[in-house]
Each structure stands twice: as structure tokens, then as C-alpha cells.
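Coordinate-derived values only; no laboratory data. Quick caveat, the model's predicted, so the values are computed rather than measured. All Cβ positions, glycine included, derive from the backbone under ideal geometry; neighbour counts span all protein chains shown.
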Amino acid sequence: MRKFVAIAGLTLVLAACATSPGTRPFRPSVSTPPPAPPADAASAARNPGSLMAAGAMAMLGQPYRYGGAAPGGFDCSGLVVYAAGNAGIRVPRTAEEQLQAGSPVARTEVRAGDLVFMHLRAKQLHVGIAIDSTRFVHAPASGKRVRVDSLEAPPYSRSYVTARRIADAGPSTPASAAGVELRAGSSSQALVSR
């Protein structure tokens, strides 16, 4: 009888292990990104910088992931590659290479779609995408999410290095004109399609 109970118990344990979800391959959790904001097709065709900024803003809330360049996780330069690609612009993969792309832009001339670079304490070089003359969208650091910050607020105001224009299509329209607006919340900013 004791032998029967031991065999029955062992059978149940093995059966439980065989049906355990822990034996499936690891698949990173990918949340569905918010839909791309509606954009005026004629305006977007004339202004890839605004389209690039709006595409990056559509990724607000996505997690930071080192080496990431797609919905589900971005690092700073990966967000640039993704947003630029969706606007039909090819850019190099790393922030260091992106720093050499396009043409330099004076701080007072920054507009939607320009790349903004800074040296932050925890990073050698950081890049974001301007959404207007004072705000930019970026994937800040491990444990954080894609968000909008101000170039005029610390630490970004102190660590600003330069800006580069990779999409030159005439005067830029703020990303909000492409059907997207930012609403300030108590501790975060939210994307709202109009």
C-alpha cells in the first residue's frame, strides 16, 4: 500500500511538471502600442520631421530596453531609428553615429523632427526627437518609459550638446498639428489623439 501511495504521488508530481507553463519558451511581454495618430497626409508628405515626431509620440509609454528599436522596448537611438523609418528616413543605429547625420541646428532653431543630443551623467550620449522648439520625446533609461521632457528643464537644459536636422522639408509644424496633443498629468504626460 505504501509503495502504491508513493508511486501515485510521484505520478501526480510528474504530471504537474509536464503541464507547467514554465516549460514554454520565454517571450517578452509586448503591449500593443497606441495607434499612430491621425495625420493630414498632404502635410505629412511635405513635412517628414513632423511625421517623425508624431510617430515617436505614438510610442509614449513603451518601456526602455537596451538595444530595442521596436514597439515593446526602445533605447534612445532605437526610438530615433523607428520613428525616422516610419517617416521614410534612414538614420544610423547608434547615438554616436546619429550625431554625425544630417546638418547642425542652432538651439534657437530646433523644430519638430530634429534630433537633440545631450550628455547625461548616467550616459555617454543621449538622443531624443524634438516635438517643438522646447520639448522632446525620448527613451530615457532602464526602468523608465518613453516620455516627453523639456529642453529647458534640468537635467536636459544643463546637458544639452547640439541638435541635428535629418528631415529637411521646410518649416515644421508642431507634432500637435498632426492630430496629437500632450496633456500634462500629475506625474506624467499622456498622448491624446484628436
Can you compute the FRET efficiency between Leu120 and Arg90 using 1/(1 + (r/R0)^6), with r the Cβ-Cβ distance and R0 = 45 Å? Round to the nearest 0.05. 0.95
Would you be so kind as to identify which of Ser103, Ala70, Phe117 lies farthest towards the positive end of the dipole of the stretch 41-167, taking Lys and Arg as +1 and Asp and Glu as -1 on Cβ and the Cα centre as origin? Ala70
Starting from the amide H of Thr162, placed 1.01 Å from N in the peptide plane, find each other amide H under 5 Å away whose residue is 5 or more places distant or on another chain. Phe117
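Tally Lys/Arg at +1 and Asp/Glu at -1 over every other residue whose Cβ is under 15 Å from the Cβ of Tyr64; what's the total?
Working: positive: Arg65, Lys123, Lys144, Arg145, Arg147; negative: Asp75, Asp149.
Here the count lands on +3.
By per-residue mean of other Cβ atoms within 10 Å, what is the highest-first order of 72-81, 105-114, 156-165? Could the numbers behind the result be given before it?
Values: 72-81: 23.9, 105-114: 19.1, 156-165: 16.4.
Final packing ranking: 72-81, 105-114, 156-165.
Treat the stretch 86-129 as a sphere of radius equal to its Kirkwood radius over Cα pairs and apply Stokes-Einstein at 4 °C in a medium of 1.567 mPa s; give the translational diffusion coefficient in µm²/s, rounded to a whole number. Display every interim value, and only then the final one.
Working: Rh = 11.5 Å.
Rounded, D is 112 µm²/s.
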Work out, step by step, the length gained on full extension between Tyr160 and Arg107: first 0.36 nm times the residue separation, then minus their alpha carbon distance; give nm to one decimal. 18.2 nm
If R0 is 45 Å, what FRET efficiency do you get for Ser150 and Glu97 from their C-beta distance, rounded to 0.05? 0.95
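Of all alpha-carbon pairs in the stretch 41-167, indicate the percentage at a distance above 19 angstrom. Walk me through the numbers on the way to the answer.
On the way: 3090 of 8001 pairs.
Roughly 39 percent, rounded to a whole number.
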